[in-house]
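Trainee: Quick one: the structure is below, and I'll ask about it shortly.
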Amino acid sequence: MKLSASILATRLSSLDSLLPTLDPTLIDYIHMDIMDGNYVPQISFGEALTKEVKELTQIPLDVHLMVKNPEQEVPKYFPLQPAYITFHAETTNFGVRLAEEIRKNGCKAGVSLNPGTPLTAIEHLLPYIDLILLMTVDPGFYGQSFVRGGLDKIQKAREMILGSSIVLEMDGGLTESNVVDIIGSGAELCVAGSALFKGAHPNENARKLKGLTSHLQKKI
Ligand code: DX5
Ligand code: ZN
């Protein structure tokens, strides 16, 4: 399994000291939860903080845009060259064009679905995307509980992308108790907020989460 660390669940004022300590052999991506206070209730941060994060770590960035008008916001991240830029299927009627624009600008394109949005909403996008980000909580806050039905949706998404190189990422409510089921259902990249940043040792928490699923990796 791979881990994408959601810094939303940290004290943002301590990123200077925290980010350089994160071990890139344990934490595969830094997950940037961009919230506009419109699509989701809260405003978090935007491209300015993302730029600072990039300067503080070698770990590639995984940008998750929870914003209305993604056409306007997406280009702001091109100069930062994150590994992934992910927009929400619910926020655009022009997903094909947006995904193509992301790819043309040197990033991988992701599309995210809220728990209430069916997988059929993105079937037409499969040839244009590199990643599906399944929300397993309603977006907006860290520290919420994994939704019922989340495992089933992960399994169905895995079936939908069988034979393709699309990465299946889950986001929301990951814990040491459900990580085995989540990976067993077919997710390969997990966003971890509170599970990673609880306590003072994120690297140890990452090692533990990955250790719990190492027996599954061998089977895949
Ligand atoms: C929720 C965000 C998530 C969140 C994850 O809207 O997209 O990335 O920060 O945090 P946990 O792992 O605590 O649910
Ligand atoms: Zn997120």
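The values are calculated or read from the model by the stated rules, or taken from the named source; none is laboratory data. Bear in mind that the values here come from a model prediction, so they are computed numbers and not experimental data. Because the Cβ atoms are built from the backbone with ideal geometry, glycine has one as well, and the counts that use them run over all protein chains shown. Areas reflect the complete protein model, heavy atoms only, side chains present, ligands, DNA and RNA absent. Shrake-Rupley method; radii C 1.70, N 1.55, O 1.52, S 1.80 Å.
Trainee: Pairs under 8 Å by beta carbon, first residue in contact (Cβ under 8 Å) with a residue 12 or more places away in the chain in the stretch 85-108, partner of a type in the set (Lys, Arg), six or more apart or different chains?
Mentor: Ile85/Lys108; Thr91/Lys68; Ile102/Lys108
Trainee: A further question follows. Scan the stretch 123-145 and report the pairs whose first residue is over 12 Å from Ser164 (Cβ atoms) and whose second residue is away from ligand 2 (no atom under 11 Å from the Cβ) and among the hydroxyl-bearing types (Ser, Thr, Tyr), with Cβ atoms within less than 6 Å and a gap of 6+ or a chain change.
Mentor: Taking only residues 6 or more apart or on different chains, the pairs are Tyr142/Ser194; Gly143/Ser194.
Trainee: How about the stretch 189-203: which of its residues are farther than 9 Å from Thr175 by Cα and not hydrophobic (A, V, I, L, M, F, W, C)?
Mentor: Answer for the stretch 189-203, where residues must be farther than 9 Å from Thr175 by Cα and not hydrophobic (A, V, I, L, M, F, W, C): Gly193, Lys198, Gly199, His201, Pro202, Asn203.
Trainee: Moving on. Only one of these is more than 16 Å from ligand 2 (Cβ to nearest atom) and touching a helix residue (DSSP H, G or I) at 6+ places or on another chain (Cβ under 9 Å): Ser164, Ser194, Ser177. Name it.
Mentor: Values: Ser194 fails: more than 16 Å from ligand 2 (Cβ to nearest atom); Ser177 fails: touching a helix residue (DSSP H, G or I) at 6+ places or on another chain (Cβ under 9 Å).
Every option except Ser164 fails the conditions.
Trainee: More than 17 Å from the chain's Cα centre (by Cα), assigned to a loop (DSSP other than H, G, I, E, B), surrounded by fewer than 20 Cβ atoms within 10 Å (Cβ to Cβ) and not polar (S, T, N, Q): does that describe Lys68? Walk me through how you get there before you give the answer.
Mentor: On the way: more than 17 Å from the chain's Cα centre (by Cα): yes; assigned to a loop (DSSP other than H, G, I, E, B): yes; surrounded by fewer than 20 Cβ atoms within 10 Å (Cβ to Cβ): yes; not polar (S, T, N, Q): yes.
Yes, satisfied.
Trainee: Next up: Of everything in the stretch 140-157, what is at negative phi and either under 14 Å from the mean Cα position of the chain (by Cα) or open to solvent by less than 60 Å² (accessible area, probe 1.4 Å) (or both)? Give them in sequence order. So that I can check it myself, show each step before the final result.
Mentor: Let us first name the residues in the stretch 140-157 that are at negative phi, namely 141-142, 144-148, 150-157.
Phe141, Tyr142, Phe146, Val147, Gly150, Leu151, Lys153, Ile154, Ala157, listed by residue number.
Trainee: Across the stretch 32-60, what is the number of residues that are away from ligand 1 (no atom under 13 Å from the Cβ) and closer than 24 Å to Ile122 by Cα?
Mentor: 1
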